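Quick one: this structure, given as structure tokens, is what I'll be asking you about.
The values are calculated or read from the model by the stated rules, or taken from the named source; none is laboratory data. Only a predicted model underlies this, so the values are computations on that prediction, with no experimental measurement involved. FYI the Cβ positions are ideal-geometry reconstructions off the backbone, even for glycines, and counts take in every protein chain you see.
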Amino acid sequence: MKITEVAVAVFLKPDGTFLLSSRPEGKPYAGYWEFPGGKIEMGESIRDALVRELIEELNVTIMRTTPWFTFMMHYTHATVRLHCWRVTAWQGEMRGMERQQFAWQQFNANQDLTVTPTLPGCVPIFKALALPLIYGRADPGEMSTELYLQHLRLSWSHNASNAAPGLEFKSSNTRPMIQLHVNNLSVVMGATHAAFAERVQKLAQDAGVKMLISGDISRAKNIGADGVQLNATQLYSLTERPDFALVGATVSTREELLLAAKWRCDFAVVELADTSVINWPAFVELTQATPLPCYASGALTTNDLGIAITHGAHGIVAPQ
């Protein structure tokens with residue numbers, strides 16, 4: 001099977017808007033909307049291909065771009081491997097050099113766009129754009145149930161999970177997302193695991209926050225969680241994708257990451273062996289051309305978000 005390698009530019013503004021452009025006449029799917037980019041020529045790096053294509057298509061020169069994730073798409077006319085990079089700084093007056101149109105977009109509450117139709121290859125990118133940059137991990141510490149719920153309510157009201165100092169763009173999703181690992185919670189907090197999970201879920205639902213239960217598919221279904229965070233053992237024992245709006249996977253090897261992609265997980269959380277200080281070269285090696293958006297995990301705070309994105313992470317996991 002011949003695979004065409006394609007570099008894709010996801011332009012992002014500080015307010016979280018992203019760029020789509022129309023396909024010009026004479027090309028397959030003419031009139032459809034897509035993310036800019038094009039074929040990687042022999043001997044070109046992905047970045048070099050992006051630089052060349054965006055000058056040719058939009059008259060702009062890339063100043064800052066970072067790798068994101070890579071996936072395959074099968075069209076009637078071709079099979080393509082899409083290498084998606086986020087572009088956050090550029091120079092030049094943007095204009096359609098091939099008489100194509102372009103439009104800045106931002107998801108509303110229903111994740112609607114103002115331009116249609118879009119190429120099927122846009123769908124995985126849309127899903128990734130809808131993920132917040134910071135994935136909260138419930139961490140009550142020594143707080144009582146009531147105090148921790150109050151802490152979450154205050155945090156979500158300020159939309160803290162989408163803010164990061166020094167970052168040049170925001171997520172297109174303005175709502176936080178949190179992971180709750182019920183088996184790690186102590187009953188001395190004033191509630192059983194089940195009761196605590198139900199109260200956090202109710203609070204999250206009222207606040208429009210997506211909540212995933214870690215490692216317990218049955219518990220997630222019972223309390224009506226938005227999703228489940230799978231562990232490696234679950235990845236190896238699955239026979240089909242769990243029936244949730246969101247499915248994440250916690251991985252520590254390339255094999256586990258590819259398995260998460262096989263089960264159509266929406267994202268992966270990469271936890272390396274030594275989580276006290278994250279090993280960025282090891283993270284890059286594991287996630288290079290990752291088929292899924294990957295969160296970096298390991299004693300990280302919002303101050304680490306910029307460096308994580310530089311190393312190809314979608315975002316970070318941080319205590320909440």
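Which pairs do you get when a residue that is more than 22 Å from Lys27 (Cα to Cα), found in region 55-80, comes within reach of a residue that is part of a loop (DSSP other than H, G, I, E, B) and β-branched (Val, Ile, Thr), reach meaning Cβ atoms under 6 angstrom, with the pair 6+ apart or on two chains?
Phe69/Thr290
A follow-up question, please. I want to confirm something. Restricting to region 114-134 and keeping residues that are assigned to a loop (DSSP other than H, G, I, E, B) and of a type in the set (A, V, I, L, M, F, W, C), which single residue is surrounded by the fewest Cβ atoms within 10 Å (Cβ to Cβ)?
Val115
I've got another one for you. Evaluate region 72-85: report whether one residue or more is of a type in the set (Gly, Ala, Ser), loosely packed, with under 15 Cβ neighbours inside 10 Å and under 30 Å from Val269 (Cα atoms).
no
When you go through (1) in a strand (DSSP E or B); (2) more than 30 Å from Met1 (Cβ to Cβ) one by one for Thr65, which number turns out not to apply?
For Thr65, the exception is condition (2).
Restricting attention to region 135-152, does a residue exist that is at pLDDT 95 or above, of a type outside the set (Ser, Thr, Tyr), within 17 Å of the chain's Cα centre (by Cα) and buried (at least 16 other Cβ atoms within 10 Å of the Cβ)?
No, region 135-152 contains no residue that is at pLDDT 95 or above, of a type outside the set (Ser, Thr, Tyr), within 17 Å of the chain's Cα centre (by Cα) and buried (at least 16 other Cβ atoms within 10 Å of the Cβ).
Let me ask something else. For region 44-78, how many residues meet the condition of being modelled with pLDDT under 95 and out of contact with any Gly (no Cβ under 9 Å at 6 or more places or on another chain)?
4
Which count do you get for residues in region 90-134 that are over 24 Å from Leu54 (Cα atoms) and either of a type in the set (Ser, Thr, Tyr) or more than 16 Å from the chain's Cα centre (by Cα) (or both)?
Number of matching residues: 4.
Test of understanding: among Ile46, Ile40, Ile55, which residue is within 21 Å of the chain's Cα centre (by Cα) and surrounded by 13 or more Cβ atoms within 10 Å (Cβ to Cβ)?
Ile46
Turning to a different aspect of this structure: Go through region 153-167 and give me each residue that's loosely packed, with under 13 Cβ neighbours inside 10 Å, under 27 Å from Pro293 (Cβ atoms) and modelled with pLDDT of 80 or more.
Residue satisfying the conditions is Ser157 alone.
Can you confirm whether Gln111 is part of a loop (DSSP other than H, G, I, E, B), within 27 Å of Val228 (Cβ to Cβ) and not assigned by TED's automatic domain parsing to the domain that holds Trp156?
When the stated conditions are applied, Gln111 passes them.
Pick out the one residue from Leu292, Leu272 that is farther than 18 Å from Ala245 by Cα and in the same structural domain as Gly315 (by TED's automatic domain parsing).
On inspection, the qualifying residue turns out to be Leu272.
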